[in-house]
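What follows is one structure encoded as structure tokens, with my remarks underneath.
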Amino acid sequence: LPRWHPQFSDLVNRENSKAAGIEAIIRHFGIRREECMAFGDGGNDIEMLEYCGVGVAMGNANADVQKHADYVTTSVDEEGILRAVREIISKQGQ
């Protein structure tokens, strides 16, 4: 069970996950997984962070989630998604 909080977890069919959902969408649109970026902060996001070309853990994510990410940004309240996109894009342009 993907756990995203000590008291909660997600119940999903064994064949389903956020990564499986992303895989279906990118296959439909002909996008490579290396071109995808995922953002997450909970244990239920780990598979998705590992699957995408760039996995970004939010600053409020615990250390276990952060270790599965390629990049750690600030929290959503601190504009973490915008900050990560800007930094990653600027590094690719170098």
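The values are calculated or read from the model by the stated rules, or taken from the named source; none is laboratory data. As the structure is a prediction and not an experimental result, all values here were calculated from the model. A quick note on method: Cβ atoms are made from the backbone with ideal geometry, for glycine too, and the neighbour counts reach across all protein chains shown. The accessibility values were calculated without ligands, DNA or RNA, using every heavy atom of the protein model including side chains. Shrake-Rupley method; radii C 1.70, N 1.55, O 1.52, S 1.80 Å.
Against the test of being in a loop (DSSP other than H, G, I, E, B) and on the phi < 0 side of the Ramachandran plot, the options ASN13, ASN44 yield a single qualifying residue, ASN13. Quick one: in the stretch 45-86, which of the residues that are open to solvent by less than 30 Å² (accessible area, probe 1.4 Å) and of a type in the set (S, T, N, Q) is modelled with the lowest pLDDT? In this case the residue turns out to be SER75.
Restricting to the stretch 47-58, name every residue that is touching a residue at least 24 places away in the same chain (Cβ under 8 Å) and either in a helix (DSSP H, G or I) or of a type in the set (Asp, Glu) (or both).
Step one: filter the stretch 47-58 for residues touching a residue at least 24 places away in the same chain (Cβ under 8 Å), giving 47-48, 50-52, 54, 56.
Result: GLU47, MET48, GLU50, TYR51.
So, VAL72, is that one touching a helix residue (DSSP H, G or I) at 6+ places or on another chain (Cβ under 9 Å) and under 19 Å from ILE26 (Cβ atoms) or not?
On the way: touching a helix residue (DSSP H, G or I) at 6+ places or on another chain (Cβ under 9 Å): yes; under 19 Å from ILE26 (Cβ atoms): no.
In short, no.
For (1) more than 17 Å from SER17 (Cβ to Cβ); (2) of a type in the set (Ser, Thr, Tyr); (3) out of contact with any Asp or Glu (no Cβ under 6 Å at 6 or more places or on another chain), each residue gets a yes or a no:
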| residue | (1), (2), (3) |
| --- | --- |
| ALA38 | no, no, yes |
| MET58 | yes, no, no |
| THR74 | yes, yes, yes |
| GLU78 | yes, no, yes |
| GLY93 | yes, no, yes |
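For the stretch 39-57, check the following and say yes or no: at least one residue is β-branched (Val, Ile, Thr) and touching a His at 6+ places or on another chain (Cβ under 8 Å). Yes, the stretch 39-57 has at least one match.
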